[in-house]
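First the structure, in the form of structure tokens, and then the observations on it.
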Amino acid sequence: MNWIIILVLILGILGKSDIIAAAAAILLVIDYVNLERFLPTLERRGLELGLLFLVISVLVPFAANKVDGRVILNSFFSLPGLLALIGGAVATSLNGQGLHMLQQRPELMIALVFGSILGIIFLKGIPVGPLMAGGIAALLMRLLGQWP
């Protein structure tokens with residue numbers, strides 16, 4: 001199955017997605033140096049670890065006292081703040097659906113990666129990970145009767 005990881009690496013490089021390319025390269029190194037015994041742990045805990053670092057990076061401005069508490073509190077009572085609250089709830093729901101879909105249909109990952117790269121190239125997007133892409137794909141599949 002290394003050809004799939006090599007394909008993801010190439011797509012990541014061509015699509016200028018450092019995260020995708022780095023992930024594929026790390027998996028190739030793990031395989032090359034015979035550390036496959038760590039793959040089940042990465043599969044089980046890798047998502048949690050990645051999300052941990054994502055949340056840490058988002059919380060840094062608060063830890064560094066760059067955001068005033070009153071501004072945060074007031075944002076909950078504004079239209080943009082309420083829309084952000086709703087957006088966060090919808091996004092986490094879609095992420096959960098994306099995780100479920102990828103667990104059930106891992107073969108769709110290459111299409112998600114390729115779609116993300118197309119979004120980077122043609123839509124000037126930023127790849128934040130397969131969960132949201134998977135969630136949107138699951139929603140579209142459900143709307144078209146292709147997912148339970």
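The values are calculated or read from the model by the stated rules, or taken from the named source; none is laboratory data. Treat the numbers as computed from the prediction; the structure is a model and nothing was measured. Positions of Cβ are generated from backbone atoms using ideal geometry, with glycine treated the same way; all protein chains shown enter the neighbour counts. For the accessible areas, the whole protein counts, side chains as well, though only heavy atoms, and no ligand, DNA or RNA atoms are used. Shrake-Rupley method; radii C 1.70, N 1.55, O 1.52, S 1.80 Å.
Some observations on this one:
- Failed item, numbered, when Leu82 is tested on (1) surrounded by 11 or more Cβ atoms within 10 Å (Cβ to Cβ); (2) closer than 26 Å to Phe122 by Cα; (3) not polar (S, T, N, Q): (2)
- Failed item, numbered, when Trp147 is tested on (1) open to solvent by 40 Å² or more (accessible area, probe 1.4 Å); (2) part of a loop (DSSP other than H, G, I, E, B): (1)
Residues are listed down the side, and each one gets a yes or a no for (1) in contact with a strand residue (DSSP E or B) (Cβ under 9 Å, 6 or more places away or on another chain); (2) among the β-branched types (Val, Ile, Thr); (3) under 29 Å from Trp147 (Cβ atoms):
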position: Leu7; (1), (2), (3): no, no, yes
position: Val58; (1), (2), (3): no, yes, no
position: Gly69; (1), (2), (3): no, no, no
position: Asn74; (1), (2), (3): no, no, no
position: Leu82; (1), (2), (3): no, no, no
position: Ser93; (1), (2), (3): no, no, yes
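- Looking only at residues in the stretch 6-20 that are in a helix (DSSP H, G or I) and open to solvent by less than 100 Å² (accessible area, probe 1.4 Å), the one that is farthest from Leu123 (Cα to Cα) is Ile6.
- Matching entry among Gly81, Gly12, Gly96 (being touching a residue at least 60 places away in the same chain (Cβ under 8 Å) and on the phi < 0 side of the Ramachandran plot): Gly12
- All positions within the stretch 107-129 that are part of a helix (DSSP H, G or I) and either open to solvent by 80 Å² or more (accessible area, probe 1.4 Å) or in contact with an Asp or Glu (Cβ under 8 Å, 6 or more places away or on another chain) (or both): Glu107, Phe114, Phe122, Leu123
- Here Glu107 meets the list (1) touching a helix residue (DSSP H, G or I) at 6+ places or on another chain (Cβ under 8 Å); (2) modelled with pLDDT of 85 or more almost entirely, failing just condition (1).
- Condition check for Gly69: at pLDDT 85 or above and open to solvent by less than 70 Å² (accessible area, probe 1.4 Å): no
- Residue among Met141, Met132 that alone is farther than 19 Å from Ile19 by Cβ and open to solvent by less than 80 Å² (accessible area, probe 1.4 Å): Met141
- Members of the stretch 29-77 that are assigned to a helix (DSSP H, G or I) and of a type in the set (Phe, Trp, Tyr): Tyr32, Phe38, Phe53, Phe62
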